Amino acid sequence: MNYKITLIPGDGTGPEIAESTKKVLDATGVKIDWEIVEAGIDAAEKYGTPLPENVLESIRKNKIAIKGPITTPIGSGFRSINVLLRKELDLYACLRPCKSYIGVKSKYANIDLVIVRENTEDLYAGVEFPAESSESKKIIELSAGKIRNGSAISIKPISRFATERIVKFAFQYARKNKRKKVTAVTKANIMKFTDGLFLETAREVAKNYSDIEYEERLVDNMCMQLVQKPELYDVLVLPNLYGDIISDLCAGLIGGLGIAPGANIGKDIALFEPVHGSAPKYKGLNKVNPTAMILSGVLMLDYLGEKNAAKKLEKAVANVIAEKKVVTYDLGGAAKTSEMADEIIRKLKM
Ligand code: NAD
């Protein structure tokens, strides 16, 4: 049976790495019927909206999608399509494995961490009020002098429901993947109600997984610990904002964004995408590293139960990186995006 999978190339350098990823995934022998749909800046110019309706329709129908990065205009313009997709499809778990590969220049070796980030609430809920709006004035009044007049306000919602399911996801992932420890990361000493609820809920969930060690860290301390002793950590579970920041920190530990894959997973829909953005300055140059999106494809194959193909593809990627002959600029080579993908295919077929 062929899998029907939605492919969103994205914008900026997205289409280049998406094309390479599609080619590589086809070369694994797993039969995929691709449904290609457009979202992002180019779609906005063509269709008048950065997220045409057929994108969500296609993902809802196929239940599996892989996407290239999509630019988010800073300050004004449309809101993040990436955040919108995760919210609309209730892809509540953002999974970001960070693993060292031989051949990637980094200050660290043997990193093997997994970030599980809550994807639907926190300061990313999109509940914001501009300065001087009637809503922000009301909240300023409610704050009884704690918020300065004229402030713009973003709301940080954290619920027991969303925390329970993300922490369960982290523990179940740990169990399924033979991981030993889950660390909950918050700033509960300062945000006693929001992060406090996250922590309290995490503790309750942890009681049901006595086979897996559970511990807690404050996010500032976590940053320092990850830089000094990353080997002490295994699976980290975090609210949305800290998860976003710590993911990039961990991508830095393994040598950069070019090799960091990701997945957004909901109850029955999953969307796979690299951690990095659209790197617009390199658009059209066939220059950036396709590995992060290809490794997102490995996560997708694994999710589909195509364990063999996933393993073989990861090995092919690891071999190409270790040889350092046909790799992109960020890995110290001069290969084009498409040439690195072709080399991965050559290794797959060996
Ligand atoms: P970015 O990840 O696009 O690029 C930062 C730098 O990292 C690049 O200039 C480049 O030097 C390097 N880099 C990134 N991807 C690379 C790759 N595949 N190979 C080699 N080097 C790579 O981050 P940014 O410049 O902050 O963001 C650009 C746009 O992407 C923004 O609009 C941002 O909102 C968006 N973004 C989208 C997603 C997503 O689609 N999920 C994620 C992050 C950022």
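Odds and ends about this structure:
- Answer from ALA263, ALA279 - the residue that is of a type in the set (A, V, I, L, M, F, W, C) and within 11 Å of the ligand (Cβ to nearest atom): ALA279
- Count - residues of the range 306-332 that are at pLDDT below 95 and not in a helix (DSSP H, G or I): 1
- Candidates LEU313, LEU249: the one that is outside the structural domain of THR194 (by TED's automatic domain parsing) and either under 19 Å from LYS31 (Cα atoms) or open to solvent by 30 Å² or more (accessible area, probe 1.4 Å) (or both) is LEU313.
- Residues (surrounded by 22 or more Cβ atoms within 10 Å (Cβ to Cβ) and either among the charged types (D, E, K, R) or modelled with pLDDT under 95 (or both)) located in the range 275-290: VAL275, HIS276
- Residue that is without any contact (Cβ under 8 Å) to a residue 24 or more places away in the chain and among the polar types (S, T, N, Q), where the choices are ASN319, ASN264, ASN308, ASN286: ASN308
- Which listed residue is buried (at least 22 other Cβ atoms within 10 Å of the Cβ), touching a residue at least 40 places away in the same chain (Cβ under 8 Å) and away from the ligand (no atom under 14 Å from the Cβ), from MET300, MET293: MET300
- Where strands (runs of 3 or more DSSP E) fall entirely within the range 1-84, those with at least 1 residues that are of a type in the set (Phe, Trp, Tyr) and farther than 25 Å from LEU285 by Cβ are at 3-8.
- Candidates ALA43, ALA93, ALA18, filtered to the one that is hydrophobic (A, V, I, L, M, F, W, C), closer than 23 Å to VAL298 by Cβ and away from the ligand (no atom under 12 Å from the Cβ): ALA93
- The range 267-276, subset in a loop (DSSP other than H, G, I, E, B) and not aliphatic (A, V, I, L, M), residue nearest to the ligand (Cβ to nearest atom): HIS276
- Matching residues in the range 168-182 - criterion: being crowded, with 22+ Cβ neighbours inside 10 Å and within 21 Å of GLN225 (Cα to Cα): ALA170, ALA174, VAL182
- Residues that are crowded, with 18+ Cβ neighbours inside 10 Å, in a helix (DSSP H, G or I) and out of contact with any Ser or Thr (no Cβ under 6 Å at 6 or more places or on another chain), drawn from the range 198-240: ALA202, VAL205, ALA206, VAL219, MET222, LEU226, PRO230, ASN240
- Within the range 333-350, being open to solvent by 70 Å² or more (accessible area, probe 1.4 Å) and not in a helix (DSSP H, G or I) holds for ALA334, LYS336, LYS349, MET350.
- Evaluation of GLU132 against the conditions (1) open to solvent by less than 50 Å² (accessible area, probe 1.4 Å); (2) more than 28 Å from the chain's Cα centre (by Cα) shows that the sole unmet condition is (1).
- Restricting GLY333, GLY305, GLY243 to residues that are within 14 Å of the ligand (Cβ to nearest atom) and within 29 Å of ARG179 (Cβ to Cβ) narrows the list to GLY243.
- Candidates GLY262, GLY297, GLY332, GLY305 - the one that is closer than 14 Å to LYS105 by Cα and out of contact with any His (no Cβ under 6 Å at 6 or more places or on another chain): GLY332
- From ILE111, ILE115, ILE64, ILE102, residue being surrounded by 15 or more Cβ atoms within 10 Å (Cβ to Cβ), more than 17 Å from the chain's Cα centre (by Cα) and in contact (Cβ under 8 Å) with a residue 40 or more places away in the chain: ILE111
- For ARG117, the criteria (1) modelled with pLDDT of 95 or more; (2) outside the structural domain of GLU164 (by TED's automatic domain parsing); (3) not in a helix (DSSP H, G or I) hold in every case but one, which is (2).
The values are calculated or read from the model by the stated rules, or taken from the named source; none is laboratory data. Source: prediction; values computed, not measured. Here Cβ is always computed from backbone atoms with ideal geometry, including for glycine, and neighbour counts include all displayed protein chains. Protein only, heavy atoms only, side chains kept; ligands, DNA and RNA dropped before computing areas. Shrake-Rupley method; radii C 1.70, N 1.55, O 1.52, S 1.80 Å.
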